[in-house]
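These notes concern the structure reproduced below.
The values are calculated or read from the model by the stated rules, or taken from the named source; none is laboratory data. Keep in mind that this is a model prediction, so the values were computed, not measured. We place every Cβ from the backbone using ideal geometry, glycine too, and count neighbours over all the protein chains shown.
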Amino acid sequence: MVNAMSDLITSGQIKSFGCAFVAIALIMIMVLRSFKLGLISMVPNLFPVLIAIGSMGYAGIYLSMALVTFGAIIIGIAIDDTIHFFMRYRREFNRTGTYEEALKDTLLTVGRPITFTTITLAAGFSVFALSDISNIGDFGLMAGFAIIWALLADFFLAPAMMLLFKPLGAERQLSS
């Protein structure tokens, strides 16, 4: 009976994660006013979930009822920094007209605040590692780990994708 309940919860959480991903993607497309940029913004949010789940498998951490909720929670937390990063990037691109200049200005303005937010969240979740209940401890460690990967994805993966795919159109020279 416990296994059947666990299977039902797992399938429900997978559906919840899928729904959360689609809903957040649609919101990002609308907020960023760009289909391409909205989809690119989702990669840095999916990446830490995949890295963390892959690391759990590699480390031999089994998916428990506490860890089943992991994906939807992490994507919900990770999107906060991504929104700040992408909104500022779009604003800086409109101001500068170039992808590289927009990236530099974005990192100089929102880089520090989203780093502090990430450190705070990762430390807060990592406190759960002190729990005597192993599932809760595993959740805290994996959440802290994933949140740090989300920041790294915002700082490295997202800029690389924007420079590669140029989702905001052609660069332009702005008159002085």
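Below, the figures for the structure above:
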item	result
Extreme residue, surrounded by the most Cβ atoms within 10 Å (Cβ to Cβ), among residues of the stretch 1-39 that are β-branched (Val, Ile, Thr) and under 19 Å from ARG91 (Cβ atoms)	ILE29
Qualifying positions in the stretch 116-126 - exposed (fewer than 15 other Cβ atoms within 10 Å of the Cβ) and either of a type outside the set (Phe, Trp, Tyr) or at pLDDT below 95 (or both)	ILE119, THR120, ALA123, GLY124
Lone qualifier among THR109, THR10 - being touching a helix residue (DSSP H, G or I) at 6+ places or on another chain (Cβ under 8 Å) and over 30 Å from ALA129 (Cβ atoms)	THR109
Subset of the stretch 52-71 [among the small types (Gly, Ala, Ser), surrounded by fewer than 20 Cβ atoms within 10 Å (Cβ to Cβ) and in contact (Cβ under 8 Å) with a residue 24 or more places away in the chain]	SER55, SER64, ALA66
Output for the stretch 40-51, where each listed residue is more than 17 Å from TYR99 (Cβ to Cβ) and either in contact (Cβ under 8 Å) with a residue 60 or more places away in the chain or surrounded by 18 or more Cβ atoms within 10 Å (Cβ to Cβ) (or both)	MET42, ASN45, LEU46, PHE47, PRO48, VAL49, ILE51
From ALA102, ALA78, ALA129, residue being buried (at least 22 other Cβ atoms within 10 Å of the Cβ), of a type in the set (A, V, I, L, M) and free of Cβ contacts under 8 Å to residues at least 24 places away in the same chain	ALA102
Considering residues of the stretch 132-147 that are free of Cβ contacts under 8 Å to residues at least 60 places away in the same chain and assigned to a helix (DSSP H, G or I) only, the residue farthest from LEU46 (Cα to Cα)	SER134
Any hit, the stretch 123-130, residues being over 30 Å from VAL31 (Cβ atoms), in contact with a Leu (Cβ under 6 Å, 6 or more places away or on another chain) and in a helix (DSSP H, G or I)	yes
Check on LEU163, surrounded by fewer than 16 Cβ atoms within 10 Å (Cβ to Cβ), more than 18 Å from the chain's Cα centre (by Cα), touching a residue at least 12 places away in the same chain (Cβ under 8 Å) and assigned to a helix (DSSP H, G or I)	yes
